[in-house]
1. Would you point out the residue of the range C:94-118, among those that are assigned to a strand (DSSP E or B) and in contact with a strand residue (DSSP E or B) (Cβ under 7 Å, 6 or more places away or on another chain), that is farthest from the other protein chains (Cβ to nearest Cβ)?
2. Report yes if some residue within the range C:194-215 is exposed (fewer than 14 other Cβ atoms within 10 Å of the Cβ) and within 31 Å of the chain's Cα centre (by Cα); otherwise report no.
3. All but one of (1) assigned to a strand (DSSP E or B); (2) within 17 Å of B:Pro202 (Cα to Cα); (3) touching a Ser or Thr at 6+ places or on another chain (Cβ under 8 Å) hold for B:Pro30; state the number of the condition that does not hold.
4. Any idea which of B:Leu26, B:Leu47, B:Leu91, B:Leu10 is in contact (Cβ under 8 Å) with a residue 40 or more places away in the chain, within 13 Å of chain C (Cβ to nearest Cβ) and among the hydrophobic types (A, V, I, L, M, F, W, C)?
5. Can you name every one of the helices (runs of 4 or more DSSP H) wholly within the range C:2-93 that holds 1 or more residues which are more than 11 Å from chain A (Cβ to nearest Cβ) and not polar (S, T, N, Q)?
6. Return the only residue of C:Ser95, C:Ser71, C:Ser55 being touching a residue at least 40 places away in the same chain (Cβ under 8 Å) and of a type in the set (S, T, N, Q).
7. Is there a residue in the range B:47-68 that is within 28 Å of B:Asp119 (Cβ to Cβ), of a type outside the set (Val, Ile, Thr), buried (at least 21 other Cβ atoms within 10 Å of the Cβ) and in contact with a Gly (Cβ under 7 Å, 6 or more places away or on another chain)?
8. Could you tell me whether A:Ile138 is in contact with a Phe, Trp or Tyr (Cβ under 7 Å, 6 or more places away or on another chain) and touching a residue at least 40 places away in the same chain (Cβ under 8 Å)?
Amino acid sequence: MFYSPLPMHIPDGFLSVIVSILLWIVSIGVIGYSLRRVNQDLNERQVPLMGVLAAAIFAGQMLNFSVTGGTSGHLMGAAIATILLGPWAGVLVLTCVVSIQALIFQDGGLLALGANIFNMGVVGVAVSYFTYTSMQKILGKSQWGIFASGFAAAWLSIFIASLCAALELAISGTSPANIAIPAMGGIHALIGIGEGLITVGALAFLYASRKDLLDKTSTKTVKGNLVWGVGLVIAFALAIISPLASSHPDGLEWVAEQKGFLDIAQGPLYNIIPDYVMPGISNEAVATIIAGIIGTLIVFGVALGVAFSRRRSTT
Amino acid sequence: MHHSINIDRLSFAYPDGHTALQDVSLHIQPCEKVALVGPNGAGKSTLILHLNGILRGKGEVCVCGLEVKEPNLGKIRAMVGLVFQSPEDQLFSPTVYDDVAFGPLYQGLSPQEVQQRVDQALEAVHMSAYADRVSHHLSLGEKKRIAIATVLSMQPEVLVLDEPTAGLDPGARRSLINLLRELPLTMLVSTHDMLLVNELFPRMVIMDEGRIVADGETTVLMNDKELLEAHGLEKPV
Amino acid sequence: MHIHFLDPFKAIDSPIHELDPRVKLVLSLAFILTTAIIPHGAWPVYIFLLAIIFSIVILSRLGFIFVLKRSALALPFVLAAFPVIFTIQGDPLASFNIGNWQLIISLQGVERLLSITLKSWISIQTAIVLASSTRFPDLLMAMRAIHIPRLLVAIFGLMWRYLFVMADEALRLLRARLARSGDTGLSDKKSGGSLAWRAHVTGGMAGSLFLRALERSDRIYNAMISRGYDGDVRTLPQPPLGSSQWAALIGGLGLLFILLVLSIIL
């Protein structure tokens, strides 16, 4: 089989009903809004453009390159789709890709589809957009500015999306946060490098052959205050919830109790909050988060450094 | 009595400044079958895209007595059946049925009428058994036939085909030629297939560098060796 | 060169294949939802669920081995759930000492892991049967019937149509790369280039794939508006459900409801 997906599509059975349904609601809202926005911009071009590009991203995921020891790097595509099409169209394209993967190839569950769309289509795209546009503002539209922003957007989109998946597993009581977050984050920090390199390769190709496609990105998408906001909220939420979830699972239970959820939660039907304890983990979880942040900063730093030095040498 | 296709002094330049059509005039009678030949880049495909208003240049284009402009576009697109070169682009629906039904649906016909049109169109291209098939799994020859059915279902007055025989094996090409001969419609066909021109089209129009350089009876033009060679063409043996 | 293996649909004559796609989609989703709602450790209900899905697999005549192989897709995630056997507090079953660490396997932990694995396995089999017994165009119709936005369904449809076309193109690119990936055969000359170079080449392939997709979408757009497309998604009305299909729908939902009630009583 040529097709080998990222280990990020959560199957059914791993998420609690509440988490699944909440994320379905969020995803449906974002998809609905995106459909409206893209329809305004593209009108009757929307269906062919979105459909064919979603197919291309899917096919692009078949293109892989060997890394080492039988593992290979390949593409999720949130960053490249967002850079080429803007955030709203990016959401739709990724939604289609993730949905078809679940429906036809059972890559990710159907009840968990809302969560998978949220991780890759909403968070992945928001992070890509947020990273790419803010770095573009700093670096300008030089060739290296585009490549550096593209790499950072691709890497972060994978990394943060995987953290979301890990958090959802933890909140569902499927995988202890102190293990899920570092494991998922660690694997995808590596996978993200492959994503980044392919994204830069694709951008380099498009820069050489159809530079106009890359120039359009910002003009097509501005008025993106909402997306900036969503990006910030996600970043903050992750920064706060991840350590909280991994070191104080009781904290979540406490929130549930305060909100009066617990009565329902303890009923036989629902099992929102898992009762596991994690002795002596808080440090480890905090360390993971810090490692993640440091990793992010390093990627940003290196990307910015490369871009700045190139920019200086070309001007 | 109106001409089926009336083009007067049409010129067109692409946004990048490249001039694709210059002062093109062409008149085609109802039920006339005309071949459009010329080297690659002569402007044949650009001219075809003007016939239903996908591209609009300077000059006048009338189809079946209607001027090609905004308020008429819906009617004109139903009257001009445009079949693109690659059936992969023409067949964009999941199944053959959906694709053939697409045009009639957007003409606002009732479900019964749509059904009828689909049956007739598939019958006309001898592909009735293929309604439920998935386009991807068809052969190129089958795809080309279905592509023609997708416009026949709109019951057009004019059929415009871009490179209908390109890439077909001899058998598929032969059956496509037979099919084109059967269809009682005004036809403008852009092609490199000079044998096809000789066999099917009494009149041929030669284009080169955005202009019409010759327009006349096929039997006459085919014997003008100098003219053909000057425009990258060849008389079939 | 055609990619057929991407399409999981198997044309077999079976009662499951004959079920109306709308009924099948709703029942599949309801079955997966029920499986998710039933609490961890409700073993008697799990046996019912397994019995139901096994019978469906057998009825569909897809072959148990086929379904089993495909369902292995969810396996890596079981690994992610594995640590719960240690982290959930409860009656200790066994304990290991690794250095200063003491790992205690709890009964409740094992129960949780088994429940998750079973739920996941039951759900993925449902999805496999749905995808392998329903043609995708029919699934699209079912999606419209349950009021997924028509615009989104139209995009799904177009995507599915061009999935194979784009996959063929990707395959051609991969073959072209392979055809030019020569090896000198000399041990001192390393072939394949650096990792960054390989990634760059692959990225270039992805870029050209997207560019071709963009150009193709223009041509498809032309073909669509040539046939009167105006941005509004129109489809033929769907045939009404027959009485036997209604019976299957209501019977299926009823059964799932009974199972839910059972899981509460037990």
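The values are calculated or read from the model by the stated rules, or taken from the named source; none is laboratory data. Not measured: the values here are computed from a predicted model. Here Cβ is always computed from backbone atoms with ideal geometry, including for glycine, and neighbour counts include all displayed protein chains.
1. Only one residue tops the list, namely C:Ala94.
2. yes
3. Going through the list (1) assigned to a strand (DSSP E or B); (2) within 17 Å of B:Pro202 (Cα to Cα); (3) touching a Ser or Thr at 6+ places or on another chain (Cβ under 8 Å), B:Pro30 breaks only (1).
4. B:Leu91
5. C:15-18, C:21-37, C:43-60, C:64-71
6. C:Ser71
7. no
8. Answer is no for this residue.
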